[in-house]
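Written out below as structure tokens is the structure these notes cover.
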Amino acid sequence: AETTASAAEPSAEPAAKEAPAAPATDDGAAPSAATGAVPAAQDDAAQVGAEAGTEAGAAAVLALDSWATEYCVFGVLSSNDDQRVMELYKQDGLLQVAEERGAPRLTYLGLPSKHSDGNAEGKLDVNSTGEGCIFAAYEAPCKKPSERVFWLAAFKDKGSYDEEHKARPSNKAFVPQYMSCWATWPEGGLKLPEQMKEMFPLAVAAQDGMYMGPYWHLEQIGRANESLDAMFSIVVFAKARSAEDAGKVIGLIKHHAVRQLNSEPEALRFSLIPPHRTGVEGHGANCMPPGMASDDDVTVTWVESWTNRAAWESHSGQDDAKALEARLSEATNGRVATLEFA
């Protein structure tokens with residue numbers, strides 16, 4: 001099940017917040033050769049929002065320059081006790097957004113309720129691992145990607161995470177409990193900080209797929225942080241053919257999200273995570289320990305949240321969604337997989 005906590009109160013509508021806008025991107029823009037980051041758009045960002053439109057009027061219209069650059073922990077965990085780690089994270093998430101000024105929201109996705117695969121010939125099961133697959137090969141006690149626990153914690157910037165978040169007393173109490181839920185955690189535990197060297201390989205294996213770094217976020221104004229019993233989210237992994245094609249995927253998704261949030265009232269928010277090695281130009285890349293097997297410069301990940309599953313199913317049948325699938329297939333050779341969270 002999914003729960004969302006936001007600043008002030010778990011179900012409160014957030015006040016408008018200021019965040020540095022991510023560079024607008026052309027639809028299918030190629031990344032720069034040096035960093036793989038997507039350059040500024042050549043088209044008028046406001047026009048995309050205007051074309052999408054809303055029945056409520058122009059005041060609520062989002063545009064490409066509405067995307068904010070924030071810092072996130074996109075959590076992925078092979079756990080030895082799924083129920084315990086989910087309860088721990090739900091409790092800590094509520095404290096996080098209540099006690100940290102720089103933590104605007106936390107979406108606790110939990111265990112996937114379902115997974116589906118690509119949309120073209122050669123489509124890839126999210127549980128296929130190894131060479132050419134979305135996730136790297138793994139060994140027991142680590143789990144299949146569709147059996148791992150997921151969450152998305154948002155922070156205003158890296159400084160908010162490094163300073164305020166790490167210093168929070170309740171988080172310091174949470175961390176050792178969380179670590180004990182790693183699938184790789186030894187039965188007798190570890191003595192820290194003396195055994196820090198032994199801890200890092202365990203962290204890398206149990207948390208393969210996790211990303212800590214800059215990302216892009218876009219939300220429907222005034223509704224994005226609602227906490228709803230029926231809320232439904234998807235996490236999509238798209239493995240592009242090259243770093244250049246990953247830039248094209250980012251451009252496609254940024255445009256699509258603007259149209260989606262402007263035209264579909266039940267679509268709440270959109271979070272876009274760059275390839276882990278590439279990150280966001282000028283803001284950095286993955287801050288997880290080195291050696292994460294799934295880190296690359298071609299996999300783009302995004303999280304979409306809806307008021308309920310029916311709203312997402314309605315969206316999936318629309319022409320715009322089908323057109324996006326076709327264009328993603330071209331850039332990924334069909335290597336797209338989706339995890340669903342009810």
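The values are calculated or read from the model by the stated rules, or taken from the named source; none is laboratory data. Bear in mind that the values here come from a model prediction, so they are computed numbers and not experimental data. Please note: Cβ atoms are built from the backbone with ideal geometry, for glycine as well, and neighbour counts cover all protein chains shown. Side chains are part of the model used for accessible areas, which takes the heavy atoms of the whole protein and leaves out ligands, DNA and RNA. Shrake-Rupley method; radii C 1.70, N 1.55, O 1.52, S 1.80 Å.
Observations on the structure shown:
- Test: residue in region 238-249 that is part of a helix (DSSP H, G or I), buried (at least 20 other Cβ atoms within 10 Å of the Cβ) and β-branched (Val, Ile, Thr): yes
- Members of region 307-342 that are open to solvent by 20 Å² or more (accessible area, probe 1.4 Å) and within 15 Å of Lys248 (Cβ to Cβ): Ala323, Leu324, Glu325, Ala326, Arg327, Ser329, Glu330, Asn333, Arg335
- Of the residues screened, Asp162 is not one that is open to solvent by less than 20 Å² (accessible area, probe 1.4 Å) and either of a type outside the set (Gly, Ala, Ser) or in contact with a helix residue (DSSP H, G or I) (Cβ under 8 Å, 6 or more places away or on another chain) (or both).
- Residues that are out of contact with any Pro (no Cβ under 9 Å at 6 or more places or on another chain), hydroxyl-bearing (Ser, Thr, Tyr) and not in a strand (DSSP E or B), drawn from region 298-323: Ser314, Ser316
- Considering only residues in region 253-297 that are in a helix (DSSP H, G or I) and basic (Lys, Arg), the one that is modelled with the lowest pLDDT turns out to be Arg259.
- Qualifying residues in region 162-220 (those that are assigned to a loop (DSSP other than H, G, I, E, B) and of a type in the set (D, E, K, R)) - the one modelled with the highest pLDDT: Arg168
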